[in-house]
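The values are calculated or read from the model by the stated rules, or taken from the named source; none is laboratory data. Predicted model, so just to flag it, every value in this text is computed and none were measured. Backbone-built Cβ (ideal geometry, glycine too); neighbour counts: all protein chains shown.
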Amino acid sequence: MIMYEDRADRRAHALSNIFLHAVYGLPGGDKIKECLQCGTCSASCPTSYAMDYTPREIIAALRAGLLERILRSNTIWLCTSCYSCTVRCPSGIKLTDIMYELKRLAIEFGLAQEGANAAIAAKLFVDIVDKNGRMAEVPLVSRFLLKTNPLGTLKMIPRAAKLFLRGRMPLIPHRIKGISELEKCAGTLTEALVSGLHPPLAHGGED
Amino acid sequence: MNKAYDKSAKLVCESLGIDLAELNDWNCCGASAYMAIHEMRAHLLSARNLAIAEKERKNLVVVCPACLTTLTKTNHYLAEDSRFKRTIDAGLKAANLQYWGNVKVRHLLEVIVNDIGENEVKSRIKQKLKALKVAPYYGCQLTRPFGEIDDTEFPTILDRLLIWIGAEPVNYPLKAKCCGGLLMMTNEDVGLELNRNLLDCAQQNGAECIATICPLCHMNIETYQGDVNKRFGTSFRIPALYFTQLMGLAFGFSRKELAINEELISSQRILEKHLEVIR
């Protein structure tokens, strides 16, 4: 029987379990167990220099029961899915896919705080695709700016004008005919259940 | 925001006898962003496209590496993982769709180099690019993670194509390094840093322009080049052209037909230097 020190300890254990369960469910996911802590991923990562915790440290933190600090940091939001880590990992860990899982977890449990711009952008992206079946750059960028840096929108105007004058600014998003098909597909999924099972974690703060 | 890629790719394909048909009512592949929020829903985006392509009995050709990666990943996972497949099949079934796994997803660059080949490409050339020095920029997702098209670290497929059309691909150590993707929007500091490195490397190796194969890479190194200069006090003025625009020039199409007139950084000077005729 595992003895927990306190609530925080229990919560950390639950978070790690949820994460590992999800990772093991990814194709090739249980390779994460074979991490050597060699640091090749960190060295290969183009943005690790700006991360609070490097890719290697993510797995170290997981093993130390400190996953939550990773989820609260800017680390995962600096991942660009360049797959450099994935192709070089000597243990064959699909770290990029694991990064995606971390992003989803951070959002699901409301832990995305620092450097959360990428999370905001991703949510807007999903919103636009869910409504139209296609991406539309102008709503994406303008809604993103209004949410994160309304005054910064002014800075964008000269660039936007240049693009507009060269006919590079598509103004009307296209909506696909089969948008209801996508809705029906999504309706069969039960992905969102996890946070419902763990209310203390869903609040994202001390309970 | 990239009519240039669309227009030039269509013209080049027409010249080469590649019969392109737009996938009926295709949806967004979700790229990297959708997967950051939902996993299986993201795969269902790919699955719907694959199902439609299979019904039309066509293989998928894409020009965007993100589409290539997301569609290919879904394809692979469907073949490798039966539990994954069950979930996707159930989702598709609810929309009266099905996918049996028979669609291949390919990038246009690879189709041109491997299927069409050197002789056919060369036979369409009206004027070679007379040793125009080009930095061949592959970015990340053309070869990673699967490494099916070319080497994941130092690919050469674009270099070879550039040689066929008379250009001179320069040594470009950062050829498969990251442009930052959406980071230019969500974390400008890091986005600018990554692109400054790419531009600097191209310049140091004598490139007159950069050839791209990805719309987001193109946007980062071209549209934001002015911001790079402002931030770092550099004075880069390196035009970025899609590989299909460069091919189109060699095939004799005009700047307007290839949407080169829509560029933010002018390629006029270098084209005048290396082309006999510029329409």
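Elements of the type helices (runs of 4 or more DSSP H) sitting completely within the range A:4-104 and holding at least 1 residues that are of a type in the set (Lys, Arg) and outside the structural domain of A:Val126 (by TED's automatic domain parsing): these cover A:7-25, A:55-63, A:67-72, A:84-88. Residue count for the range B:200-237, restricted to those that are touching a residue at least 60 places away in the same chain (Cβ under 8 Å) and in contact with a strand residue (DSSP E or B) (Cβ under 6 Å, 6 or more places away or on another chain): 10.
For the range B:74-92, check the following and say yes or no: at least one residue is under 28 Å from the mean Cα position of the chain (by Cα), not in a helix (DSSP H, G or I) and not polar (S, T, N, Q). Step through it out loud before you land on a result.
Going through the range B:74-92, the residues under 28 Å from the mean Cα position of the chain (by Cα) turn out to be B:74-80, B:88.
Next cut, not in a helix (DSSP H, G or I) only: none.
No; the residues of the range B:74-92 include none that is under 28 Å from the mean Cα position of the chain (by Cα), not in a helix (DSSP H, G or I) and not polar (S, T, N, Q).
If only residues of the range B:254-269 that are at pLDDT 95 or above and of a type in the set (A, V, I, L, M) are counted, the one that is farthest from B:Ala4 (Cα to Cα) is B:Ile265.
Of the candidates A:Ile176, A:Ile172, the single residue that is modelled with pLDDT under 90 and in a loop (DSSP other than H, G, I, E, B) is A:Ile172.
Could you please give the count of residues in the range A:80-94 that are of a type in the set (A, V, I, L, M) and more than 10 Å from every other protein chain (Cβ to nearest Cβ)? Talk me through it step by step, then tell me what you get.
Looking only at the range A:80-94, we keep the residues that are of a type in the set (A, V, I, L, M), and these are A:87, A:93.
Next, only the ones that are more than 10 Å from every other protein chain (Cβ to nearest Cβ) stay: A:93.
Looking only at that region, the number is 1.
So is B:Ile270 among the β-branched types (Val, Ile, Thr) and more than 14 Å from chain A (Cβ to nearest Cβ) or not? So B:Ile270 fits the description; yes. Counted as qualifying within the range B:172-253 are the helices (runs of 4 or more DSSP H) with 2 or more residues that are touching a Gly at 6+ places or on another chain (Cβ under 9 Å), modelled with pLDDT of 95 or more and more than 9 Å from chain A (Cβ to nearest Cβ), namely B:188-204, B:215-218.
Have a look at A:Glu101, A:Glu5, A:Glu68 and point out the one that is of a type in the set (D, E, K, R) and either in contact with a Pro (Cβ under 7 Å, 6 or more places away or on another chain) or free of Cβ contacts under 8 Å to residues at least 24 places away in the same chain (or both).
Working: A:Glu101 fails: either in contact with a Pro (Cβ under 7 Å, 6 or more places away or on another chain) or free of Cβ contacts under 8 Å to residues at least 24 places away in the same chain (or both); A:Glu68 fails: either in contact with a Pro (Cβ under 7 Å, 6 or more places away or on another chain) or free of Cβ contacts under 8 Å to residues at least 24 places away in the same chain (or both).
Every option except A:Glu5 fails the conditions.
Of all residues assigned to the range B:167-180, at least one qualifies as being aliphatic (A, V, I, L, M) and farther than 22 Å from A:Cys85 by Cα.
Just a yes or no: is a residue in the range B:187-195 among the polar types (S, T, N, Q), over 18 Å from the mean Cα position of the chain (by Cα), surrounded by fewer than 24 Cβ atoms within 10 Å (Cβ to Cβ) and farther than 24 Å from B:Leu246 by Cα?
Step one: filter the range B:187-195 for residues among the polar types (S, T, N, Q), giving B:187, B:195.
In the following step, the residues that additionally are over 18 Å from the mean Cα position of the chain (by Cα) were identified as B:187.
In the following step, the residues that additionally are surrounded by fewer than 24 Cβ atoms within 10 Å (Cβ to Cβ) were identified as B:187.
Those still in the list that are farther than 24 Å from B:Leu246 by Cα too: B:187.
Scanning the range B:187-195, I find at least one residue that is among the polar types (S, T, N, Q), over 18 Å from the mean Cα position of the chain (by Cα), surrounded by fewer than 24 Cβ atoms within 10 Å (Cβ to Cβ) and farther than 24 Å from B:Leu246 by Cα, so the answer is yes.
Within the range B:121-155, no residue satisfies the criterion of being hydroxyl-bearing (Ser, Thr, Tyr), under 16 Å from the mean Cα position of the chain (by Cα) and over 22 Å from B:Thr70 (Cβ atoms). Collect the residues in the range B:82-91 that are free of Cβ contacts under 8 Å to residues at least 24 places away in the same chain and of a type outside the set (Asp, Glu), keeping them in residue-number order. Across the range B:82-91, the qualifying residues are B:Ser82, B:Arg83, B:Lys85, B:Arg86, B:Ala90. Of the numbered criteria (1) more than 12 Å from chain A (Cβ to nearest Cβ); (2) surrounded by fewer than 16 Cβ atoms within 10 Å (Cβ to Cβ); (3) in contact with a helix residue (DSSP H, G or I) (Cβ under 8 Å, 6 or more places away or on another chain), the one B:Arg57 fails is (3). Against the test of being touching a residue at least 40 places away in the same chain (Cβ under 8 Å) and outside the structural domain of B:Arg255 (by TED's automatic domain parsing), the options B:Ala94, B:Ala51, B:Ala79 yield a single qualifying residue, B:Ala51. Output yes when any residue across the range B:99-109 is over 30 Å from B:Ala250 (Cβ atoms), surrounded by 17 or more Cβ atoms within 10 Å (Cβ to Cβ), more than 14 Å from every other protein chain (Cβ to nearest Cβ) and touching a residue at least 40 places away in the same chain (Cβ under 8 Å), and no when none is. Yes, because at least one residue in the range B:99-109 is over 30 Å from B:Ala250 (Cβ atoms), surrounded by 17 or more Cβ atoms within 10 Å (Cβ to Cβ), more than 14 Å from every other protein chain (Cβ to nearest Cβ) and touching a residue at least 40 places away in the same chain (Cβ under 8 Å). Checked across the range B:153-163, the condition of being in a helix (DSSP H, G or I), away from chain A (no Cβ under 14 Å) and among the β-branched types (Val, Ile, Thr) holds for at least one residue. In the set (1) within 11 Å of chain A (Cβ to nearest Cβ); (2) buried (at least 20 other Cβ atoms within 10 Å of the Cβ); (3) modelled with pLDDT under 95, the condition left unmet by B:Leu129 is number (1). Take B:Ala4 and tell me if it is under 16 Å from B:Leu97 (Cβ atoms), more than 7 Å from every other protein chain (Cβ to nearest Cβ) and outside any loop (DSSP other than H, G, I, E, B). For B:Ala4, the condition - under 16 Å from B:Leu97 (Cβ atoms), more than 7 Å from every other protein chain (Cβ to nearest Cβ) and outside any loop (DSSP other than H, G, I, E, B) - is not met. For the range B:22-54: of the residues being among the aliphatic types (A, V, I, L, M), more than 9 Å from chain A (Cβ to nearest Cβ) and in contact with a helix residue (DSSP H, G or I) (Cβ under 8 Å, 6 or more places away or on another chain), which is surrounded by the fewest Cβ atoms within 10 Å (Cβ to Cβ)? The residue in question is B:Leu23.
Only one residue in A:Leu182, A:Leu105, A:Leu111 is buried (at least 18 other Cβ atoms within 10 Å of the Cβ), farther than 20 Å from B:Met185 by Cβ, modelled with pLDDT of 80 or more and facing chain B (nearest Cβ under 9 Å), so which one is that?
On the way: A:Leu105 fails: facing chain B (nearest Cβ under 9 Å); A:Leu111 fails: facing chain B (nearest Cβ under 9 Å).
None of the other options fit; the residue is A:Leu182.
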